[in-house]
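K.L.:
Got a structure here, written out as structure tokens. Questions coming.
The values are calculated or read from the model by the stated rules, or taken from the named source; none is laboratory data. All of these numbers come straight from a predicted model, not from anything done at the bench. For the accessible areas, the whole protein counts, side chains as well, though only heavy atoms, and no ligand, DNA or RNA atoms are used. Shrake-Rupley method; radii C 1.70, N 1.55, O 1.52, S 1.80 Å.
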Amino acid sequence: MTEKIRVRFAPSPTGSLHIGGAHTALFNWLWARRSGGTFVLRIEDTDRERSTPEYEQSIMDGMKWMGLDWDEGPDKPGEYGPYRQSERIDLYNKYAQLLIDNNQAYELDGAIFFKVPAGKKIEFDDMVYGHIEVMSENASVNQDGTIKDIVIIKKDGMPTYNYAVVIDDFTMNINTVIRGEDHIINTPKQLLIYDALGFKAPKFAHLPMILGKNKKKLSKRDGATSVFEYHDLGYLPNGVFNFLALLGWSPKNGEEIFTRDEAVALFELSSVTKKAAVLDIDKLNHINQEQMKVMDKTKLLEIIKPFWSNLGLDFSQYTDSYLSSSLKTMGGRGQTTIQLAEFSDYFISFDVVKSRYDASEIDGERIPILKKFYKALIDDCSVWEHSAMEEFTRNWALENGSTMKELAMPLRWSLTGRKVSPGVFDVASQLGREETKKRLTHFNLI
RNA sequence: GGUCCCAUCGUCCAGAGGUCUAGGACACCGCCCUUUCACGGCGGCGACACGAGUUCAAAUCUCGUUGGGACUGCCA
């Protein structure tokens, strides 16, 4: 019987949930759900200067947006709370005093320092990086190479990261620490403290970093930072989820497009990659498109609505049924919600069509025959449905010495104001016979 | 500088000594499908950083070199 997995995501509320944090949170979540374990959210707000309640909320909102729910956290009390470091000061003081009493720490200049021993081999087996060992004298050093004792309690009474993380992970019974690779170098320092306190250390699994195009740790310069910016850019929660899961990991079955449940079922910490990954927007775009294709259109509609509004489109006069059907008609076109909203604008506004198209593209000599055809289509096509219209058009073209293309293109332009769209009969079908007639009439094609 | 980590197509991943003239995905380029675009299908371009060693056999193991990254805060 192995003990139940307890993992945690411990962000510092000094900013919104950025893509690197989301990646770490995602892998923790995946492992917790995969193993039937517990996912704890702990807020590391010991930096009085930069931490704010707003950022804390923003981080939780970001996680919720991605669909990463936690079992214990500031807003979900559990037996290991409180879940905010600023509310656990007594704990840090208690153990600091213990270290002082044991002569393993001392007070100086109002701060408390942990004594770093020399000549001790510190080693651990990282679940993804393997065996790592460092000599204690190298764990924390000054510029001149001498050992540097570790500050555990700052002058302002708050604990430092390397100390608080140990006390919390131990007291919260976290048995698997999954975090970014940038922390692997901090691990030896923490192990020293675990050891001094006689705590059993958890397992560690460090995750590869996510790099920007410049191959450097992702920074604000690389564009979007907060996961919400990805929302604003047109990405679906599932798109970001799927994309991020593929950074440093890939399912055994080779499938790259998957649902949350599939990811959970297939996730393996042991198959996480060591190499830092460069974030590739093209791939995100592709995955996002695939996720939009498989998403239930009723649900997608609710996500698209705000994007239509952003374009100044008023969809209030239409039913959700008509709108989601319109999205379905788009047939997977568009890689982002922004594109999908834009590409489908003619389904909710004829004004946008008129604003970008005035029928001047049509060869004047062809107008008579076009009028004749469109009138016939409106009046005589028995069923206003894609294949019926196509068959009607094909036959008419044959009988009147015209071609499909000659008849279809002007219709597309008039209906959508664009040269590119889904199948024109699909568009006409979705718009309805009356609306189609109205638009053709406006352009004097009927 | 020091410590630690990493190293397969431009990018993300497969590959855990022979089945690798290295596989998939994205991007890119052709062709097909087609009323346009997208989707889809087919094909192309394109990588084991380098050097030693171990072995009958190395992308896979070892060492070194080179390159890249992280950390080096009383930030986390």
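K.L.:
For chain A, modelled as a Gaussian network with Cα springs under 10 Å, which listed residue fluctuates most, A:S271, A:S136, A:S316?
P.N.:
Highest fluctuation among the options: A:S316.
K.L.:
Angle, helix A:187-197 long axis vs. longest principal axis of chain A, Cα atoms, 0 to 90°, nearest 10?
P.N.:
40
K.L.:
Ok, one more. If A:K252, A:K4 are ordered by their accessible area, calculated over protein heavy atoms with a 1.4 Å probe, which sequence runs from highest to lowest?
P.N.:
Result of the area sort, largest leading: A:K252, A:K4.
K.L.:
Could you tell me whether segment A:349-446 comes out rounded, prolate or oblate from its Cα gyration tensor? Rule is a ≥ b ≥ c as square roots of the eigenvalues, rounded for a/c under 1.5, then prolate if a/b exceeds b/c, otherwise oblate.
P.N.:
Because a/c hits 1.5 or more and a/b fails to exceed b/c, segment A:349-446 counts as oblate.
K.L.:
How large a share of the accessible area of chain A, in percent, is made up of carbon and sulfur atoms when the probe is 1.4 Å and the other protein chains stay in place?
P.N.:
For chain A, the apolar C and S fraction of the accessible surface comes to 50 percent.
K.L.:
Over chain A, calculate the relative contact order: mean separation of alpha carbon pairs under 8 Å at least 6 apart, over the residue count, as a percent.
P.N.:
Relative contact order here is 12 percent.
K.L.:
Now a separate question. Would you look at the GNM of chain A, springs on alpha carbons closer than 10 Å, and say which of A:R34, A:R412, A:R366 moves the most?
P.N.:
Answer for the Gaussian network model of chain A: A:R366.
K.L.:
If you average the alpha carbon positions of segment A:383-428 and of segment A:51-128, how far apart do those two centres end up, in angstrom?
P.N.:
66
K.L.:
Going by a ≥ b ≥ c, the root eigenvalues of the Cα gyration tensor, does segment A:298-344 fall in the rounded group (a/c under 1.5), the prolate group (a/b larger than b/c) or the oblate group?
P.N.:
Note, shape of segment A:298-344 comes out oblate.
K.L.:
Could you tell me the number of lysine pairs in segment A:341-446 with C-alpha atoms less than 20 Å from each other, where the two lysines are 8 or more residues apart or belong to different chains?
P.N.:
Close lysine pairs found across segment A:341-446: 18.
K.L.:
Just the number, please: Stokes-Einstein D of chain A in µm²/s, Kirkwood Rh from C-alpha pairs, 4 °C, 1.567 mPa s.
P.N.:
50
K.L.:
Going by a ≥ b ≥ c, the root eigenvalues of the Cα gyration tensor, does segment A:100-190 fall in the rounded group (a/c under 1.5), the prolate group (a/b larger than b/c) or the oblate group?
P.N.:
Oblate is the answer for segment A:100-190, as a/c is 1.5 or above yet b/c matches or exceeds a/b.
K.L.:
Compute the helix-to-body angle for A:161-171: its Cα long axis versus the longest principal axis of chain A, expressed 0 to 90° and rounded to tens.
P.N.:
On a 0 to 90 degree scale, this one is about 90.
K.L.:
With a 1.4 Å probe and every protein chain left in place, work out the accessible area per residue of chain A in Å², rounded to a whole number.
P.N.:
47
K.L.:
Please report the base-10 log of the normalised intensity I(q)/I(0) for segment A:164-308, using a Debye sum with one equal scatterer per alpha carbon and no solvent, at each q in 0.16, 0.22 (1/Å).
P.N.:
Once normalised to I(0) and log-transformed, intensities are -0.99, -1.33.
K.L.:
Could you order A:D69, A:D345 by accessible surface area, starting with the largest, using a probe radius of 1.4 Å?
P.N.:
So, going from the largest accessible area down, we get A:D69, A:D345.
K.L.:
Can you give me the C-alpha center-to-center distance between segment A:332-380 and segment A:220-296, rounded to a whole angstrom?
P.N.:
36
K.L.:
Mind listing the Cα extents of segment A:1-145 along all three principal axes, in Å, largest one first?
P.N.:
Projected onto the principal axes, the Cα atoms of segment A:1-145 cover 46, 36, 34 Å.
K.L.:
Right, next: Using Cα pairs under 8 angstrom and six or more residues apart, how large is the relative contact order of segment A:91-233, in percent?
P.N.:
21
K.L.:
With axes computed from alpha carbons, what is the tilt in degrees of helix A:297-310 against the longest principal axis of chain A, rounded to the nearest 10 within 0 to 90?
P.N.:
90
K.L.:
Let me ask something additional. Given Cα pairs under 8 Å that are at least 6 residues apart, what percent is the relative contact order of segment A:1-115?
P.N.:
Relative contact order comes out at 25 percent.
K.L.:
Separate question: Return the single residue from A:E434, A:E256, A:E385 with maximal mean-square fluctuation; model: Gaussian network over chain A, springs between Cα atoms under 10 Å.
P.N.:
Largest GNM mean-square fluctuation: A:E434.
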